[in-house]
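Peer 1: Take this structure first; my questions come after.
The values are calculated or read from the model by the stated rules, or taken from the named source; none is laboratory data. Quick caveat, the model's predicted, so the values are computed rather than measured. Here the Cβ positions follow ideal geometry from the backbone for every residue, glycine too, while neighbour counts run over all protein chains shown.
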Amino acid sequence: MSRIFIIFGLGILLSACGSTHKSQYNSIPKANDVNGMYNYANNLLCSRRHNGNQKYCDCWVGVMDDITPESTKLLISKGGNEAISEQVRLMTANTDKLSACNSLMTYNFEIRDEPHSQVLLNILEKYHDDILSPSDIDLIDMSDIKEGFEYRTQNLTPNSDGTLDLPHRYKFSKTVDNAAYFSPLDENGVIQNQDVDYVMWKNGVMHVRSEGNVYRARGYDSKCQFVLGLCTYETYGERIEANKMLFKSGVWISSQPGSGSSRRLVKEVYDKNGMLLYQLNKNKYGQWEKVRVELN
């Protein structure tokens, strides 16, 4: 009797170096071996997601085996929403044990050397006297942003139907403690909410207003924004991710986590205020490119 295992991986989602380590979970068990089938399915999922990290997967599968009662494994083998909920509950309750396997993860942070697009070359030429470099980080000063300054961010990559996403437009509101606040504008250039500054730029990081008038960094990796070399950070569920960054001729180029075991190539250019001028985000499925357009 075939069994269907619904497994949710912890997912560190970091690309891996090659490995010759042999797993004890590679052999296909008998169909009536609930423990064996459970471990085999988990190992299959983990090894596909973290290709080359079999030592990590052996650890992760072993922990999953230890924390999951046989009755739950049998429930999972039958599938259904109850099985999914129970598996998620077990993983959430044992995050610390699962995270202990992270030390066995290996990484490949190769940054591909790809030619710049014409759009990026144009940005570098246009803003050549106002491009942020590593030596400028501690000198970021938002006080020179002039009243009335407006900009929009435009995605230049068409959707599948050939259309472009509508641009996001913002108008400068005020500067407080070297942080610049911006209000969103509608398509007619009218401030959407006079009482709310939706976006804040500070130290090169874009923050978005959330409930309670709290501004939160947009992205878990904000601490790595301008860190050259390897930088690790924590995401949801105490999951550890890592970026690798280099700076070359005005462009911040990084290798960042992508989907599954893949990596993304990210190129960014910032002005001396630490505000984004250009971004390329490229993975194995495609890419998108966006620029900042100043409206006055």
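Peer 1: I'm told residue 220 meets every condition in (1) touching a residue at least 60 places away in the same chain (Cβ under 8 Å); (2) in contact with a Ser or Thr (Cβ under 8 Å, 6 or more places away or on another chain); (3) within 30 Å of residue 47 (Cα to Cα) except one. Can you identify the failing condition by its number?
Peer 2: All conditions are met except number (1).
Peer 1: Which condition number in (1) farther than 30 Å from residue 101 by Cβ; (2) acidic (Asp, Glu); (3) part of a strand (DSSP E or B) is the one that residue 241 fails?
Peer 2: The single condition residue 241 does not satisfy is (1).
Peer 1: Can you find even one residue in the stretch 74-88 that is within 23 Å of the chain's Cα centre (by Cα) and either under 27 Å from residue 52 (Cβ atoms) or hydroxyl-bearing (Ser, Thr, Tyr) (or both)?
Peer 2: Checked against the condition, which is being within 23 Å of the chain's Cα centre (by Cα) and either under 27 Å from residue 52 (Cβ atoms) or hydroxyl-bearing (Ser, Thr, Tyr) (or both), the stretch 74-88 yields at least one hit.
Peer 1: Looking only at the stretch 64-79, how many residues end up being under 28 Å from residue 262 (Cβ atoms) and either buried (at least 19 other Cβ atoms within 10 Å of the Cβ) or free of Cβ contacts under 8 Å to residues at least 24 places away in the same chain (or both)?
Peer 2: Final tally of qualifying residues: 2.
Peer 1: Further question on the same structure: Going through 208, 251, 227 one at a time, which residue ends up being under 20 Å from residue 292 (Cβ atoms) and surrounded by 15 or more Cβ atoms within 10 Å (Cβ to Cβ)?
Peer 2: Values: 208 fails: surrounded by 15 or more Cβ atoms within 10 Å (Cβ to Cβ); 227 fails: under 20 Å from residue 292 (Cβ atoms).
On inspection, the qualifying residue turns out to be 251.
Let's see how each residue does on (1) in the same structural domain as residue 270 (by TED's automatic domain parsing); (2) farther than 21 Å from residue 281 by Cα; (3) touching an Asp or Glu at 6+ places or on another chain (Cβ under 8 Å):
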{"position": "127", "(1), (2), (3)": "yes, no, yes"}
{"position": "132", "(1), (2), (3)": "yes, no, yes"}
{"position": "141", "(1), (2), (3)": "yes, yes, no"}
{"position": "155", "(1), (2), (3)": "yes, no, yes"}
{"position": "168", "(1), (2), (3)": "yes, no, no"}
{"position": "172", "(1), (2), (3)": "yes, yes, yes"}
{"position": "204", "(1), (2), (3)": "yes, no, no"}
{"position": "223", "(1), (2), (3)": "yes, no, no"}
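Peer 1: Would you mind finding the one in 236, 278 that is in contact with a Lys or Arg (Cβ under 8 Å, 6 or more places away or on another chain) and either closer than 25 Å to residue 141 by Cβ or aromatic (Phe, Trp, Tyr) (or both)? Spell out the reasoning first.
Peer 2: Values: 236 fails: in contact with a Lys or Arg (Cβ under 8 Å, 6 or more places away or on another chain).
Just one listed residue meets the conditions, 278.
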